[in-house]
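Below: the structure, in structure tokens.
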Ligand SMILES: [Zn+2]
């Protein structure tokens, strides 16, 4: 049995399939990550093939059949193609990184409406606001980790419980978490935070709007989140767009 279903979605990837079709991966509002086929999608005349392009926000109708790997798309309408993101290389690489996280770290058909809404919101902001795209991406990355079930909000040493207010440096060990300088010196240090960098992490985790940041520290946080994910999700090989675009 198959049912016609309508949902909104972000297009994560698009590939040729056979001589005439396209395969697309969508992050949908109602069905989570879904792989679909556009029959005849390779033709320049295909209206659906044109609308369903990487990074576009769309409304889509497909025949949903349980236990089938690919759903067949019957119709699609464009909500936004984010023209301003595509005009700016910096916005483009961070927006592409949002898509990469959704593509490589969400589980097929696992519904998360909050993650869908947050992802659309960040793409809208990258397109419409004058906020720095790197800062927006770091905020999104924290939200994304939170949605995956990882929280990085830690005020005390995991070993001795001492708070970090007096520490000039804070260590991070994948097994133990955040450690004060005294406890950290006897452990493998997987990441080292200066006081300033750590305060930025805490400020952004608390969703405060006026965090003091430098681009260097934003870059360091992205590297830390990547290391963190690579440790917890071995299949994750790191972000590509951010370093290649
Ligand atoms: Zn300690």
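Can you name the residue in the stretch 182-201 that is over 28 Å from the mean Cα position of the chain (by Cα) and surrounded by 15 or more Cβ atoms within 10 Å (Cβ to Cβ) and, of all such residues, is farthest from the ligand (Cβ to nearest atom)?
Here is the first cut: in the stretch 182-201, the ones over 28 Å from the mean Cα position of the chain (by Cα) are 182-188.
From the residues that got through so far, the ones that are surrounded by 15 or more Cβ atoms within 10 Å (Cβ to Cβ) too are 183-184, 187.
Numbers: 183: 3, 184: 7, 187: 10 Å.
The selected residue is 187.
To keep it simple, each residue is scored yes or no on (1) near the ligand (Cβ under 10 Å from one of its atoms); (2) in contact with a strand residue (DSSP E or B) (Cβ under 9 Å, 6 or more places away or on another chain).
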site	(1), (2)
151	no, no
154	no, yes
166	no, no
169	no, yes
178	yes, yes
Q.
Pairs needed: first member in the stretch 135-157, without any contact (Cβ under 8 Å) to a residue 40 or more places away in the chain; second member anywhere, in a loop (DSSP other than H, G, I, E, B) and within 16 Å of the ligand (Cβ to nearest atom); C-beta distance under 7 Å; at least 6 residues apart or different chains.
A. 156/162; 157/180
Q) What's the number of the condition residue 183 fails, among (1) in contact (Cβ under 8 Å) with a residue 24 or more places away in the chain; (2) assigned to a helix (DSSP H, G or I); (3) within 21 Å of residue 226 (Cα to Cα)? A) (3)
Q: Would you please list the contacts, defined by Cβ atoms under 6 Å and residues six or more apart or on different chains, that run from a residue in the stretch 189-203 that is within 18 Å of residue 227 (Cβ to Cβ) to a residue that is assigned to a helix (DSSP H, G or I)?
A: 191/224; 197/217; 197/220; 200/217
Q | Count - residues of the stretch 140-170 that are surrounded by 19 or more Cβ atoms within 10 Å (Cβ to Cβ) and over 25 Å from the mean Cα position of the chain (by Cα) | A | 4
**Q.** Failed item in (1) at pLDDT 95 or above; (2) part of a strand (DSSP E or B), with residue 4 passing the rest
**A.** (1)
Q | Filter result for the condition that a residue is farther than 19 Å from residue 9 by Cα and surrounded by 15 or more Cβ atoms within 10 Å (Cβ to Cβ), over 123, 99, 179 | A | 179
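For the structure I just gave you, tell me whether residue 73 is farther than 26 Å from residue 206 by Cα, in a helix (DSSP H, G or I) and either over 13 Å from the mean Cα position of the chain (by Cα) or within 16 Å of the ligand (Cβ to nearest atom) (or both). Don't jump to the end; show me each part of the working.
Numbers: farther than 26 Å from residue 206 by Cα: yes; in a helix (DSSP H, G or I): no; either over 13 Å from the mean Cα position of the chain (by Cα) or within 16 Å of the ligand (Cβ to nearest atom) (or both): yes.
Answer is no for this residue.
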(Q) Need the failing condition index for residue 208 against (1) assigned to a loop (DSSP other than H, G, I, E, B); (2) in contact with a strand residue (DSSP E or B) (Cβ under 8 Å, 6 or more places away or on another chain), just the number. (A) (2)
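Pick from 158, 139: which is at pLDDT below 95 and touching a helix residue (DSSP H, G or I) at 6+ places or on another chain (Cβ under 9 Å)?
Within the list 158, 139, the selection yields 158.
The values are calculated or read from the model by the stated rules, or taken from the named source; none is laboratory data. Treat the numbers as computed from the prediction; the structure is a model and nothing was measured. When we count neighbours, we look across all protein chains shown, and the Cβ atoms used for this are built from the backbone with ideal geometry, even at glycine.
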